[in-house]
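Report on the structure given below.
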């Protein structure tokens, strides 16, 4: 009898613990789903993603998280994929509502000085011409080192070069906010803190003066784009979600 009572008591304890564990997992799952909903972009938008083709090879490791961001955009969004390479804009995917197709248009950057442009801003201006009468917010996501050496490497002009000024004016004229992710190129910004600072200063000004935001993690490069995309989602929702 004693053992029977002890067994019954133990069984009751196990059942209570199991129920508590189940509730905890369920609650955590609900919180996780809720958190996931919070970080999704809430409002459809038109986004041109531009990748500088001479960025360091580590950028290739971020293709997965970039594709996830594209595929998770809300229905009705339009995405364009372009690469800034050797002074030209290579459009791999014009604006499309097929988000999976846009995600698959991403490729590894060339990661060589043979693909280096003197600066990314001429190609940003070219990409801005792709924005027409699309409905919804317009944005560019520029993944670049931001360095403009088209007229020499002059630190005194950091953030105030001619093509940068033109890109800001054109983006504002077309009502396009420019968001930027800093990553070093295989050129100067991969081994010069001064060059990296110069590029980041330019990206920051481009983004701030067009209604976007620049994201970077110091002048030594980056670890992953995960935190960049988390902050970008939050920024987009703060800018456009409340107005919807």
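Using just the C-alpha positions of region 51-161 as equal point scatterers, what log10 of I(q)/I(0) does the Debye formula give at each q in 0.14, 0.20, 0.22 1/Å? Values returned for q = 0.14, 0.20, 0.22 Å⁻¹ are -0.60, -1.11, -1.26.
Taking square-rooted eigenvalues a ≥ b ≥ c of the alpha carbon gyration tensor, is region 107-188 rounded, prolate or oblate, where a/c under 1.5 means rounded and, failing that, a/b exceeding b/c means prolate? Since a/c reaches 1.5 but b/c is at least a/b, the shape of region 107-188 is classed as oblate. Structural size metrics of region 159-228, computed from C-alpha coordinates, are Rg and Dmax of 12.4, 36 Å. Ordering 123, 238, 170 from the fewest to the most neighbouring beta carbons within 10 Å gives 238, 170, 123.
Each part gets one Cα centre, and for region 118-134 versus region 166-214 those centres are 14 Å apart.
From the Cα gyration tensor of region 90-152, with a ≥ b ≥ c the square roots of its eigenvalues, which class applies: rounded if a/c is under 1.5, or else prolate if a/b is larger than b/c, or else oblate? Provide the component values of the computation, followed by the final result.
On the way: a/c = 2.79, a/b = 1.46, b/c = 1.90.
Since a/c reaches 1.5 but b/c is at least a/b, the shape of region 90-152 is classed as oblate.
Based on the alpha-carbon gyration tensor of region 156-195 and its eigenvalue square roots a ≥ b ≥ c, which shape applies: rounded if a/c is under 1.5, prolate if not and a/b is larger than b/c, or oblate? Cα axes put region 156-195 in the oblate bin.
A crude spin-label estimate for the pair residue 133 and residue 224, with each label 7 Å from Cα along the Cβ direction, gives 4.3 nm.
No lab work stands behind these numbers, since they all come straight from the coordinates. Everything numeric here is computed off the predicted structure, so don't read it as measured data. Methodologically, a virtual Cβ is constructed for each residue, glycine included, from the backbone with ideal geometry; neighbour enumeration extends over all protein chains shown.
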